[in-house]
Amino acid sequence: MIFKNFSNLIFTSTIFLTAMFCFSQQANVNLDYNPQKNTEGLIPFSAKVNSPEVHDDQTVTFRLMAPEAQTVELNPGAINTALGKGRDPIPFTKENDGLWTLTIGPLPPDMYAYHLRVDGVQMADPNNTQAAFTAMPPYSQLIVHRDGPAYYDAKNVPHGNVTRHIYHSDVTQGERELYVYTPPGYDSEKKYPVLYLVGGSGELPSNWIYDGRVNFIMDNLFAENKVTPMIIAIPNNQVIHRNHPEHSELTFDIFENELRNHVIPVVDENYNTIESPKGRAISGLSMGGRHSMFIGFRSLDLFANFGILSAGDTDPETSLKSFLNTPNVNDSIDYLFVGQGTKEAEGFFNARVQGLVDGLKNHDIEHEYYVGGNGGHDWSTWRHLLYYRFLPNLWQHLDN
């Protein structure tokens, strides 16, 4: 049974106007493309120091006031990948007044998640107002700007809406959330295809909005006339504790039940959708890519379009079993995309992706494989894959 009592939180999309004054330095007045550039000489509200400060040459200065600390480091992660510094933490230098500082770069313009490590304790940057809300302990965001807004920034273009639905799930026995993006000029009398987009381990639906910037990416692609108007539904694919000892065995069946019994019915009931496999796509990053693969490939009655981002299987015969048992399977697939980041393809995560690609090739299953961007297994890669490949190529069969 689908419960109709849900609440909506509309992120109202208005035309983004250029302000008379240049607010930045984490003022959070406008949706600035350069929020961590020091334009006003002010410290963020309730912070002790200005951190991080991003300079126009793409170098970055981090600061932390911690007089009693013995060590302060930048935890290894996406920034290390961009700098080519491996997996070692990067140490800060302590000044005489107890202020710790670190200047790095230049960094390629992008958004980077990071932690600090203080005396061995991992923590978010206490002076940074740009922070992530996830199913994991929170982290901070570093935004290295270009000369103007990037493809994932808010621009002066028409914007779509993002609606948060709350519904009851009989599968997980509780209240759950679902975010739905509708494109600029959404017409309730017109039928739209739907992309079901899911996150990775520890991600929540909101992360595709705040970290993935999928709504701004779609707005900008729409303004550039590069994308088919679509609805994007972002469900929560955390359906069992990520550290449960049987997570891998249980998660796929549970999430498939959630999709079939609740998520898709909620979307079809509240939006004018194309209710057929040709009008549905499923895509996700990392764990969400494996959800899209293991659930999507066996659900050709639901989906004919697939986006596998930074995911795959070293045993592709298992993941492709449903495809291989489907006569003339290519007739049931409109678009199958497999993508990963350039630096991912050089490292640990490549084995699964390459295993899937090899399996698809060996069985003559039509697909597109793409490696691009400057990122590793991080949001830099997933934003890039959406903008430059997956979203523009999705639904081409509907335009014919």
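Computed from the coordinates by the stated procedures, all read-outs in this text should not be read as laboratory data. Since the structure is predicted, the reported quantities are computational estimates derived from the model, not experimental observations. Using ideal geometry, Cβ is built from the backbone for each residue, glycine included, and neighbour counts are taken over all protein chains shown.
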### Query
Taking the alpha-carbon centroid of each part, what is the distance from the stretch 204-229 to the stretch 107-136 in angstrom?
23 Å
## Note on the structure
With the 8 Å Cα cutoff and a minimum separation of six or more residues, the stretch 161-399 has a relative contact order in percent of 19 percent
### Query
For residue 147 and residue 369 in one chain, what is 0.36 nm times their gap in residues minus the Cα-Cα distance, to one decimal in nm?
76.8 nm
### Task
Calculate one ³J(HN,Hα) per residue across the stretch 231-238 by plugging θ = phi - 60° into the Karplus curve 6.51 cos²θ - 1.76 cosθ + 1.60, and present them in order as whole Hz with x for glycine and proline.
8, 10, 9, 10, x, 8, 9, 7
### Dipole moment magnitude, nearest 20 debye, the stretch 161-399 about Cα centre, only Lys, Arg, Asp, Glu C-beta charged
400 debye
### Task
Give, rounded to the nearest 20 debye, the magnitude of the charge dipole that the chain has about its Cα centre when Lys and Arg contribute +1 at Cβ and Asp and Glu contribute -1 at Cβ.
300 debye
## Note on the structure
If amide H atoms are modeled at 1.01 Å from N in the peptide plane, then the residues at a separation of 5 or more from residue 65, or on another chain, having amide H under 5 Å from its own are 100
### Message
Students often check this: by mean Cβ neighbours within 10 Å, which of 222-229, 48-55 ranks highest, and how do the rest follow?
### Response
48-55, 222-229
## Note on the structure
Here FRET efficiency (C-beta to C-beta, residue 101 to residue 39, R₀ 22 Å, nearest 0.05) is 0.65
### Query
By its C-alpha gyration tensor, with a ≥ b ≥ c as the square roots of the eigenvalues, how is the stretch 349-400 shaped: rounded for a/c under 1.5, else prolate for a/b larger than b/c, else oblate?
oblate
### Query
For residue 358 and residue 68, FRET efficiency with R0 = 60 Å and r from the beta-carbon atoms, rounded to 0.05?
0.65
### Message
For the chain, take the longest principal axis of its alpha carbons; what is the angle in degrees between that and the long axis of helix 247-258, to the nearest 10 within 0 to 90?
### Response
60 degrees
### Chain lengthening between residue 83 and residue 122 when straightened (0.36 nm per residue, less Cα-Cα)
12.0 nm
#### Entry: lysines whose Cα lies under 28 Å from that of residue 37, excluding same-chain neighbours fewer than 8 positions away
48, 85, 94, 155, 343
### Task
Compute the Cα gyration tensor for the stretch 192-291, then decide on rounded, prolate or oblate, letting a ≥ b ≥ c be the square roots of its eigenvalues: rounded whenever a/c is under 1.5, prolate when a/b is larger than b/c in the other cases, and oblate in all that remain.
oblate
### Task
Compute the long axis of helix 350-362 from its Cα atoms, compare it with the longest principal axis of the Cα atoms of the chain, and write down the angle in degrees, 0 to 90, nearest 10.
20 degrees
### Query
Counting Lys +1, Arg +1, Asp -1, Glu -1, what net charge surrounds residue 80 among other residues with beta carbon under 13 Å of its beta carbon?
+1
### Summary
Length gained if residue 241 through residue 173 is fully extended, taking 0.36 nm per residue and subtracting the Cα-Cα distance, is 23.1 nm
### Query
So what are the ³J(HN,Hα) numbers for the stretch 116-128, from phi and the Karplus equation (6.51, -1.76, 1.60; θ = phi - 60°), rounded to whole Hz, Gly and Pro as x?
9, 10, 10, 6, x, 9, 6, 7, 6, 6, x, 9, 9
### Message
Considering only C-alpha atoms, what is the centroid distance from the stretch 330-367 to the stretch 280-317, in Å?
### Response
11 Å
### Summary
At q = 0.07, 0.17 1/Å the base-10 log of I(q)/I(0) from the Debye formula over the alpha-carbon atoms of the stretch 161-399 is -0.20, -1.35
### Task
Could you order peptides 210-217, 173-180, 88-95 by the average number of other Cβ atoms within 10 Å of their residues, highest first?
210-217, 173-180, 88-95
### Query
Rounded to the nearest 500 deg cm²/dmol, what is the calculated helix-only ellipticity per residue at 222 nm for the chain, with -39500 (n - 2.57) per DSSP H run of length n ≥ 4?
-5000 deg cm²/dmol
